[in-house]
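Okay, so here's the structure we're looking at.
Read-outs throughout are calculated quantities, based only on the coordinates presented, and are distinct from any laboratory measurement. Every value quoted in this text rests on a predicted model; they were computed, and no experiment measured them. Cβ coordinates were reconstructed from backbone atoms using ideal geometry, including for glycine residues, and neighbour counts include every protein chain displayed.
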Amino acid sequence: MDMGLRNKTAFVTGSTRGIGKAIAIELAREGVNVLVNGRNHEEVERIVNELKAEFPATSPQNATADIVDRQQREALFEKYPSVDILVNNMGIYEIMSYEDVLNKRKEQK
């Protein structure tokens, strides 16, 4: 199915594994140039190379950065000032029970 996304640029945070990687692959399949993001340069580069090999008509780019870090995030915005699609897939969390999350929130208030 052609979604009309060919030659658009998408920034997918956390796109080196899991849901983020799956989203990056599907966007590339639609002809989107994906900015692959993660904190580990080698992992990001591996995904960029996979996308280039599987979808040679696209131009995936290495957007290695910890977007939680303000300086790294600002550097990304400078390097890639124009993005058509943003997929905010990044997530930082602690593994804990629901009750513990509620208690922690109460403590923070």
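Among the residues of segment 5-30, how many are more than 22 Å from Phe77 (Cα to Cα), surrounded by 14 or more Cβ atoms within 10 Å (Cβ to Cβ) and of a type outside the set (Asp, Glu)? Total satisfying the criteria: 2. Considering only residues in segment 1-37 that are part of a loop (DSSP other than H, G, I, E, B) and acidic (Asp, Glu), the one that is farthest from the chain's Cα centre (by Cα) turns out to be Asp2. Considering (1) under 12 Å from the mean Cα position of the chain (by Cα); (2) assigned to a loop (DSSP other than H, G, I, E, B), the lone condition that Val83 does not fulfil carries the number (1).
Evaluation of Lys52 against the conditions (1) assigned to a helix (DSSP H, G or I); (2) within 15 Å of the chain's Cα centre (by Cα) shows that the sole unmet condition is (2).
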